[in-house]
Amino acid sequence: MVYVARHGDTAWSVTGQHTGLTDLPLTPNGERNAQRLGERLKGMSFAKVFTSPLQRAARTCQLAGFGTVAETDPDLVEWDYGQYEGLRTDEIHRKQPDWKLFRDGAPGGESPAQISARADRVVKRVRAAAANVLLFSSGHFLRVLTARWLALDLELAGRCFLLNPASLSALTYEHNLSQPVIRLWNDDHHVVE
């Protein structure tokens, strides 16, 4: 089983701005919900824990109680939005009305093929663990990871897998490695608005 945890709120996640490599801290509410995520994970054991090096994910990991055992994995950083960094989707659509992140990527940032290659490396590492793994990262990257886990078309799957801040999801197999499935998605019952 691979558990995927999205980081808690940042100022830009609250306002809907694309936050790729800008290294923003959690808001006070984001910190509270990261701690609540830790309560949700209490009693679970993991062979490996990986976190993005970006402070919003690393701090969520720490506040959830896994900071001392987590390994930093640069492949877990959020999508590089390039020229669209810090912009909201409605602002991008004023310039590019037909733009779709999971189809077009970001000018001056990552293409869907580039972020998919990172996600594929993460999938390969977690499948090699052959035990429960916990990942802390960001929303769009985790949506790409899920699409790659399930071997689904990125444009279709990526836009369908919404993830709330500080949510928990789980990817696994129905019978064997050839049947990847989603066991839990976007569980945020522990989150306080």
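The values are calculated or read from the model by the stated rules, or taken from the named source; none is laboratory data. Quick caveat, the model's predicted, so the values are computed rather than measured. Reconstructed Cβ throughout: ideal geometry from the backbone, glycine too, with neighbour counts over all protein chains shown. Calculation scope for accessible area: heavy atoms of the full protein, side chains included, ligands and nucleic acids excluded. Shrake-Rupley method; radii C 1.70, N 1.55, O 1.52, S 1.80 Å.
What dipole magnitude, in Debye to the nearest 20, does the chain give about its Cα centre under +1 on Lys/Arg Cβ and -1 on Asp/Glu Cβ?
The dipole magnitude comes to about 400 debye.
Using DSSP to define loop residues, name the GluC sites (Glu not before Pro) in region 108-178 whose beta-carbon has at most 10 other beta-carbon atoms within 10 Å.
Values: sites: GLU110, GLU155, GLU174; in loops: GLU110, GLU174.
Of the GluC sites (Glu not before Pro), the ones in loops of region 108-178 whose Cβ has at most 10 other Cβ atoms within 10 Å are GLU174.
Among all the lysines, which ones have a C-alpha under 23 Å from LYS124's C-alpha, if same-chain residues fewer than 8 places away are not counted?
Partners found: LYS48.
Any idea what diffusion coefficient region 1-107 gets from Stokes-Einstein, in µm²/s, Kirkwood Rh on alpha carbon pairs, 10 °C, 1.306 mPa s? Mind showing how you got there, number by number?
Values: Rh = 14.9 Å.
Value of D from the Cα-based Kirkwood radius: 106 µm²/s.
Compute the distance from the alpha-carbon center of region 129-152 to that of region 3-31, in whole Å.
18
Mind listing which trypsin sites (Lys or Arg not before Pro) in region 40-137 are in a DSSP loop and have 15 or fewer other Cβ atoms within 10 Å?
Details: sites: ARG40, LYS42, LYS48, ARG56, ARG59, ARG88, ARG94, LYS95, LYS100, ARG103, ARG118, ARG121, LYS124, ARG125, ARG127; in loops: LYS42, LYS100.
Sparse-neighbourhood loop trypsin sites (Lys or Arg not before Pro): LYS42, LYS100.
Using a 1.4 Å probe on the protein heavy atoms, what percent of the accessible area of the chain belongs to carbon and sulfur? The partial results should precede the final answer.
Values: 4600 of 9030 Å².
Answer for the chain: carbon and sulfur cover 51 percent of the accessible area.
Using the heavy atoms of the protein chains and a 1.4 angstrom probe, tell me the accessible area per residue for the chain in square angstrom.
Values: 9030 Å² over 193 residues.
Result: 47 Å² of accessible area for each residue.
Could you name the aspartates and glutamates in cross-link range of LYS100, using Cα to Cα under 17 Å and dropping any fewer than eight places away on the same chain?
Partners within reach: GLU78, ASP80, GLU85, ASP90, GLU91, GLU110, ASP153, GLU155.
Express as a percent, rounded to the nearest 5, the fraction of DSSP beta bridges in the chain (both residues included) that run antiparallel. Each step should come with its number before you reach the end.
On the way: 11 of 22 bridges.
The antiparallel proportion sits near 50 percent.
Before rounding to the nearest 500, sum -39500 (n - 2.57) across all DSSP H runs of length at least 4 in the chain and divide by the residue total; then give [θ] at 222 nm in deg cm²/dmol. Write out the running numbers ahead of the final one.
Working: 8 runs with 76 residues, N = 193.
Roughly -11500 deg cm²/dmol at 222 nm, from the helical runs in the chain.
Kirkwood Rh and Cα-based Rg: tell me the resulting Rg over Rh for the chain, rounded to two decimals.
Numbers: Rg = 15.7 Å, Rh = 16.6 Å.
Rounded to two decimals, Rg over Rh is 0.95.
Considering only protein heavy atoms, with the full assembly of protein chains and a 1.4 angstrom probe, order ASP80, ASP75, ASP153 by accessible area, largest first.
Values: ASP80 45, ASP75 20, ASP153 95 Å².
Of ASP80, ASP75, ASP153, the descending order of accessible area is ASP153, ASP80, ASP75.
When the chain is modelled as a GNM with alpha-carbon springs shorter than 10 Å, which of ALA166, ALA147, ALA131 fluctuates the most?
ALA131
Rounded to the nearest 0.05, what FRET efficiency do ASP120 and LEU152 have when you use their Cβ-Cβ distance and R0 = 22 Å?
Details: r = 13 Å, r/R0 = 0.60.
Here the calculated transfer efficiency is 0.95.
Treating only the Cβ of Lys, Arg, Asp and Glu as charged (+1, +1, -1, -1), what charge dipole size does region 109-156 show about its Cα centre? Round to the nearest 20 debye.
Numbers: 7 positive and 4 negative charges, 55 e Å.
Roughly 260 debye for region 109-156.
How charged is the neighbourhood of ALA131? Take every other residue with its Cβ under 13 Å from the Cβ of ALA131, and add Lys/Arg as +1 and Asp/Glu as -1.
Values: positive: LYS48, ARG125, ARG127; negative: none.
Combined, the nearby Lys, Arg, Asp and Glu give +3.
Taking the chain as a Gaussian network, Cα atoms linked when under 10 Å apart, which of ILE182, ILE92, ILE115 shows the biggest mean-square fluctuation?
ILE92
Counting pairs of alpha carbon atoms under 8 Å apart in space and at least six apart in sequence, what relative contact order in percent does the chain give? It would help to have the intermediate numbers written out before the result.
Values: 393 pairs, mean separation 58.3, N = 193.
It comes to 30 percent, rounded to a whole number.
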